[in-house]
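Shown next, in structure tokens, is the structure this report addresses.
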Amino acid sequence: MRMVDLIERKRDGHELTKQEIDYIVEGYTDGSIPDYQMSSLLMAIFFRGMTPRETSDLTLAMVNSGDTIDLSAIEGIKVDKHSTGGVGDTTTIVLAPLVASVGVPVAKLSGRGLGHTGGTVDKFESISGFHVEIENAQFIKQVNEIKVAVTGSTGNLAPADKKMYGLRDVTGTVNSIPLIASSIMSKKIASGSDAIVLDVKVGAGAFMKDINDAKKLAQAMVEIGSNVGRNTMAIISDMNQPLGYAIGNALEVKEAIDTLRGEGPADLHELCITLGSHMVLLAKHADNIDEARQILEEAITSGKALQKFKEFIEAQGGDSSIIDDPSKLPAAKHIIEVKSQEDGYVSKIVADSIGTAAMILGAGRATKESVIDLSVGLVLHKKIGDEVKKGDTLVSIYSNTESVDEVMQRIYESYQISAVKVDYPTLVYAEIH
Ligand code: URA
Ligand code: CA
């Protein structure tokens with residue numbers, strides 16, 4: 001086989017066979033196919049697309065390029081959740097203990113990552129003593145015993161994807177539905193869960209700006225899942241404004257505690273119940289979605305979910321007294337209030353710009369070398385649809401420096417206040433099965 005022939009075939013709109021896709025992915029991973037040929041092929045895929053069969057074969061080839069995690073020693077159906085990424089998405093911290101508290105095993109492999117805030121691992125590490133460096137055997141034992149564990153040692157999962165994603169990033173080929181779908185699903189499949197719930201975000205703060213693109217991406221991922229024997233479903237959820245109120249690491253842990261107590265922001269609560277109920281259903285812990293929702297609501301009102309969070313924190317070496325006393329979490333030196341300059345209704349909050357404001361404060365990493373400040377971030381007091389009076393606090397800035405002019409400027413630019421009443425936005429647009 002010659003790579004140049006395969007590039008030409010794809011360029012001319014033909015379908016590649018499984019053998020050809022395996023040859024490409026193996027060759028690119030071991031270095032025998034150079035970057036320039038791979039970039040050319042990726043650009044051909046960008047324009048020509050891939051059939052569902054090609055997309056599934058590409059996914060499996062990327063899975064087979066590295067380690068796969070074997071979770072078969074864990075009893076029950078393991079369901080993973082993945083979000084395509086938004087601003088202030090606190091759902092994983094809530095969902096892990098919530099779903100585990102009703103008996104569904106949660107074996108979470110999480111990273112740090114770049115972004116507006118740290119990744120799930122960084123957020124958990126704002127709890128004093130909490131660590132994710134746990135041995136594989138201990139990880140499995142902990143899930144069997146208390147139904148939930150998180151590890152940061154994810155091994156060498158889908159190295160082909162890592163190399164290809166890096167190349168796509170610098171060759172204008174990130175934004176292709178088959179390439180995004182196979183990239184995300186290769187990592188999820190390699191991490192070993194039996195079933196997958198996807199939260200595909202749409203809006204200004206998300207990868208997908210358009211609802212139809214978000215649906216196509218969700219459909220492509222659900223199709224890959226079913227082609228490779230992993231029961232997969234997706235919801236499409238709103239990311240035109242940040243989720244919940246808090247954006248930051250320790251601030252989001254506090255928000256997760258509030259939510260597990262039943263006192264969290266309405267949108268975060270609702271999204272966690274929606275995603276969680278699909279996890280419960282796929283794990284066969286309920287007969288229908290209404291029953292699954294009811295089980296989770298009950299876990300919150302009874303205190304069972306919060307109790308599970310306590311147990312989970314202790315099992316990972318953390319100080320669980322932060323649950324009753326969140327003031328023990330890392331705290332910023334200054335809280336600076338951003339006040340509304342007019343009366344009206346919030347009509348827009350530019351999510352990605354607010355996210356960048358949190359990153360400027362130090363809540364997230366701009367590059368791999370950046371050091372995160374776990375204490376800083378933003379807490380929104382007003383969201384789209386809320387009425388505001390001149391002088392009301394829109395946002396509290398949690399900062400370790402007093403000079404926050406740039407951050408404040410961004411917040412003012414992100415908020416639009418309208419004189420006429422504005423509807424509350426839709427949170428969940430669609431379900432894809
Ligand atoms: N996230 C991924 O992991 N891969 C993509 O291609 C896009 C987003
Ligand atoms: Ca949040």
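The values are calculated or read from the model by the stated rules, or taken from the named source; none is laboratory data. Source: prediction; values computed, not measured. Every residue, glycine among them, receives a Cβ derived from its backbone with ideal geometry; neighbour counts consider all protein chains shown. Remember, those area values only see protein heavy atoms, side chains included, never the ligands or the DNA or RNA. Shrake-Rupley method; radii C 1.70, N 1.55, O 1.52, S 1.80 Å.
Brief remarks follow.
- Residues listed by number, segment 392-433, amide nitrogen under 18 Å from His334 label point at 7 Å toward C-beta: 394-412
- Largest-first principal axis extents of the Cα set of segment 285-376 (Å): 47, 39, 28
- Percent carbon-and-sulfur accessible area, the chain, ignoring ligands, DNA and RNA, probe 1.4 Å: 49
- Local electrostatic count, Ala158, Cβ distance below 15 Å [Lys/Arg +1, Asp/Glu -1]: -1
- If you sort Phe47, Phe139, Phe207 by accessible surface, 1.4 Å probe, largest first, the order is Phe47, Phe207, Phe139.
- Put Ile295, Ile273 in order of accessible area, highest first, and with a 1.4 Å probe you get Ile295, Ile273.
- Rolling a 1.4 Å probe over the heavy atoms of the protein chains gives the chain an accessible area of 41 Å² per residue.
- Measuring r between the beta carbons of Glu291 and Ile211 and using R0 = 35 Å, the FRET efficiency lands at 0.75.
- Measuring between their Cα centroids, segment 311-384 and segment 60-87 lie 29 Å from each other.
- Filter on Lys201/Lys308; Lys254/Lys339; Lys284/Lys368; Lys308/Lys421 - keep pairs with C-alpha separation over 30 Å: Lys284/Lys368; Lys308/Lys421
- Rounded if a/c under 1.5, otherwise prolate or oblate - segment 1-90, Cα gyration tensor axes: prolate
- Taking each DSSP H run with n ≥ 4 as -39500 (n - 2.57) and averaging over every residue of the chain yields -14000 deg cm²/dmol at 222 nm.
- Gyration tensor (alpha-carbon) shape descriptor, segment 212-301, a/c threshold 1.5: oblate
- Distant-in-sequence amide H partners of Ala246 (H built 1.01 Å from N, under 5 Å): Leu380
- Tensor-based shape of segment 198-253 (alpha-carbon gyration tensor, a/c under 1.5 rounded, otherwise prolate or oblate): oblate
- Alpha-carbon centroids, segment 133-171 and segment 95-115: separation in whole Å: 12
- Only protein heavy atoms count here; under a 1.4 Å probe, Lys215 has an accessible surface of about 70 Å².
- Amide hydrogen neighbours beyond the local backbone of Met208, cut-off 5 Å, H modeled: Gly203
- Each DSSP beta bridge with both residues in the chain is either parallel or antiparallel, and the antiparallel ones are about 55%.
- Extension gain, Gln409 to Thr17: 0.36 nm times the residue separation minus the Cα-Cα distance gives 135.8 nm.
- Just checking the listed ones, Thr51, Thr367, Thr68: in the Gaussian network model of the chain with Cα springs under 10 Å, the one fluctuating most is Thr367.
- Among Glu125, Glu342, Glu270, the residue with the largest mean-square fluctuation in a Gaussian network model of the chain, with springs joining Cα atoms closer than 10 Å, is Glu342.
- Largest first, the residues Tyr28, Tyr23 sort by 1.4 Å accessible area into Tyr23, Tyr28.
- Potential extension, Glu133-Glu387 segment - 0.36 nm per residue separation minus Cα distance: 86.9 nm
- Charge context of Ile235, other residues only, Cβ under 14 angstrom, K/R +1, D/E -1: -2
- Principal axis dimensions, largest first and in whole angstrom, of the chain by Cα: 68, 48, 41
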